[in-house]
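Worksheet: one structure, shown below.
The values are calculated or read from the model by the stated rules, or taken from the named source; none is laboratory data. Keep in mind the model is a prediction, meaning the values are calculated, not measured. Neighbour counts are summed over all protein chains in view; Cβ atoms, including those assigned to glycine, are modelled from backbone coordinates with ideal geometry.
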Amino acid sequence: MKRVAILISGGGSNMVSLAKSMTGDHPARPCLVLSNRPEAGGLAKAADMGIPTAVVDHTEFKGDRAAFDAAVIAAIDAHAPDVLALAGFMRILTPEFIAHYEGRILNIHPSLLPKYKGLHTHARAIEAGDKEAGCSVHEVTAELDGGPILAQARVPILEGDTPEALAARVLPKEHEIYPATLRRFLDGDRSRVDY
Ligand code: GRF
């Protein structure tokens, strides 16, 4: 049985959909939910689902990114995951961290990559006058939001959309494509699927 560690910073809705998908004949189970923020709402959701949790509070490392990443690695490796799934994890990871889990980290990003890497993706798509937006699941490499894309889903941007309205339209798509893509990835399938 493969083991998946999920990293969060907030509410963890993607973590919940990933964890719920790992049942029955699924080849993996969640082995850890880790957050960089002690107050992340997803931690209680994970605990309610019986998933071990951990917190490595980045504010305790006063900008020493390498020390924070080393502490996160120690916390994660205590649970021996096969794959890491970043799910609303709002920290930029060092190349050393990414090298440690080389080829075994996935992320969900709320844009149609390679457009709108980084933050405030929905506001930027609206501002640009785009007709559609969406989300992408990609392999994590040292380039921020730049790794091979494994899945994408698209939604229309409607007249008068606020970033919040657009986010609410995209989020269910995230909850659909991330579990499906994680399962394909665990089965060794690294092809791209456009939903
Ligand atoms: C989502 O928009 C996701 O795309 C981004 O973080 C937001 C919150 O995710 N990575 P979650 O509800 O904490 O999973």
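Here are a few things to note about the model shown:
- Number of residues in region 36-58 that are surrounded by 21 or more Cβ atoms within 10 Å (Cβ to Cβ) and within 10 Å of the ligand (Cβ to nearest atom) equals 2.
- Residues in region 102-115 include at least one that is crowded, with 21+ Cβ neighbours inside 10 Å, within 14 Å of the ligand (Cβ to nearest atom), among the hydroxyl-bearing types (Ser, Thr, Tyr) and on the phi < 0 side of the Ramachandran plot.
- Test: ALA142 is free of Cβ contacts under 8 Å to residues at least 24 places away in the same chain, among the small types (Gly, Ala, Ser) and surrounded by fewer than 15 Cβ atoms within 10 Å (Cβ to Cβ): no
- Output for region 131-145, where each listed residue is more than 22 Å from ILE157 (Cα to Cα) and either away from the ligand (no atom under 15 Å from the Cβ) or not in a loop (DSSP other than H, G, I, E, B) (or both): HIS138, GLU139, THR141, ALA142, GLU143
- Odd one out for SER13, checked against (1) within 11 Å of the ligand (Cβ to nearest atom); (2) more than 17 Å from the chain's Cα centre (by Cα): (2)
- Residue within region 71-92 that is modelled with pLDDT under 95, in contact with a Ser or Thr (Cβ under 8 Å, 6 or more places away or on another chain) and part of a helix (DSSP H, G or I) present: no
- For ARG154, the test of being surrounded by fewer than 18 Cβ atoms within 10 Å (Cβ to Cβ), away from the ligand (no atom under 16 Å from the Cβ), in contact (Cβ under 8 Å) with a residue 12 or more places away in the chain and basic (Lys, Arg) is failed.
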